[in-house]
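Below you'll find the structure, written out as structure tokens, and then a few comments.
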Amino acid sequence: MIKPLIAGNWKMYKTPSEAELFALELKKIPQQNDRDVLVCVPFPALVGVSRILKDSGIFVGAQNVYPAKEGAFTGEVSPLMIKDAGASFVICGHSERRQIFEETDQFISEKVKIVVDCGMTPILCVGETLQQNEEGKTFSVVESQLKIGLQHISSSLINNVVIAYEPVWAIGTGKNASPQQAQQVHLFIKRVLEKIYGGSSTMVRVLYGGSVKPENIDELMSQPDINGVLVGGASLKIESFSRIVSFKKN
Ligand code: 13P
């Protein structure tokens, strides 16, 4: 049985003080043992939010990392710094980083590797653009992003990785993939993982991201191969995020 993961990605929202106030609200959400909850916060908020959520059972993560333990990389943040600040997860290769900052699959694979090497869990994001979707390239794009993104991860470590399928056309647009469409791609992702890792990848969590909201969470989570969600906009308000965290399968 795979334990679902409900993850918030705050993107570049909330100052450290706003983030800490939000963390105090998060702590009040009744925790359920059959699911994990995570918030991926901006770097400056990591220390404060981690302190507040320390004994709450809610995990804290970062949204990016530079793939080196230390060095002359002005403006970058290392995995050791992130870990020491209290994070146990790191989002790698979000489509906004691929598109706006031109991150390549190769570069993302180095991030995935160093995050695992440092004892944290990477959330490797994959997903096709609208154009790729319309050209029928969803499966080939996702397969290639997975193969390259995971190229440094051996079978013994694959269960320390989370995959997030985020169709780019569904992010921040209000247009989510239908639960059935998402299920189809999730099943495909599991087959690709099985092709690479054999039986070792059966416990890997595959999350869906892209306009997840209180109105669609129960149906998304009712799909057999959707093992959680990565939530942007709806994770910024306590009412919507607490409803998402308390999903019920249909
Ligand atoms: P939205 O939930 O705002 O569509 O964002 C999804 C996302 O990018 C999560 O990483």
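Does Asp225 satisfy the criteria of being closer than 25 Å to Asn159 by Cα and away from the ligand (no atom under 12 Å from the Cβ)? Talk me through it step by step, then tell me what you get.
Numbers: closer than 25 Å to Asn159 by Cα: yes; away from the ligand (no atom under 12 Å from the Cβ): yes.
Yes.
Of the residues making up region 1-59, those that are assigned to a loop (DSSP other than H, G, I, E, B), more than 21 Å from Met81 (Cβ to Cβ) and either of a type in the set (Lys, Arg) or open to solvent by less than 10 Å² (accessible area, probe 1.4 Å) (or both) are Lys3, Lys27, Lys28, Arg35.
Against the numbered list (1) over 19 Å from Ala7 (Cβ atoms); (2) touching a Pro at 6+ places or on another chain (Cβ under 7 Å), Val192 comes up short only at (2). Listed conditions (1) outside any strand (DSSP E or B); (2) within 15 Å of the ligand (Cβ to nearest atom); (3) β-branched (Val, Ile, Thr) are all met by Val192, apart from (2). Screening region 230-242 for residues that are within 14 Å of the ligand (Cβ to nearest atom) and open to solvent by 30 Å² or more (accessible area, probe 1.4 Å) and picking the one that is farthest from Ala7 (Cα to Cα) gives Lys237.
Does Gly199 fit the bill of being within 16 Å of the chain's Cα centre (by Cα) and among the small types (Gly, Ala, Ser)? It is false that Gly199 is within 16 Å of the chain's Cα centre (by Cα) and among the small types (Gly, Ala, Ser).
Among the criteria (1) of a type outside the set (A, V, I, L, M, F, W, C); (2) within 13 Å of Ala7 (Cα to Cα); (3) over 14 Å from the mean Cα position of the chain (by Cα), the one Asn227 does not fulfil is (3).
For first residues located in region 91-102 and open to solvent by 40 Å² or more (accessible area, probe 1.4 Å) and in a strand (DSSP E or B), partners that are acidic (Asp, Glu) and within 11 Å of the ligand (Cβ to nearest atom) and lie 6+ apart or on another chain with Cβ distances below 6 Å do not occur.
When the residues of region 147-172 are filtered to those that are in a helix (DSSP H, G or I) and more than 15 Å from the ligand (Cβ to nearest atom), the one that is most open to solvent (accessible area, probe 1.4 Å) is Lys147.
Looking at Lys175, Lys213, Lys137, Lys248, which one is open to solvent by 20 Å² or more (accessible area, probe 1.4 Å), farther than 23 Å from Thr104 by Cα and either without any contact (Cβ under 8 Å) to a residue 24 or more places away in the chain or more than 12 Å from the ligand (Cβ to nearest atom) (or both)? Lay out the reasoning, then the answer.
On the way: Lys175 fails: either without any contact (Cβ under 8 Å) to a residue 24 or more places away in the chain or more than 12 Å from the ligand (Cβ to nearest atom) (or both); Lys213 fails: either without any contact (Cβ under 8 Å) to a residue 24 or more places away in the chain or more than 12 Å from the ligand (Cβ to nearest atom) (or both); Lys137 fails: farther than 23 Å from Thr104 by Cα.
Checking each option against the conditions leaves just Lys248.
The values are calculated or read from the model by the stated rules, or taken from the named source; none is laboratory data. Owing to the predicted nature of the structure, the values given are computational and were not obtained by experimental measurement. Counting neighbours? That spans all protein chains shown, and the Cβs are built from the backbone with ideal geometry, glycine included. Accessible surface is based on the protein model in full, side chains and every heavy atom, while ligands, DNA and RNA are left aside. Shrake-Rupley method; radii C 1.70, N 1.55, O 1.52, S 1.80 Å.
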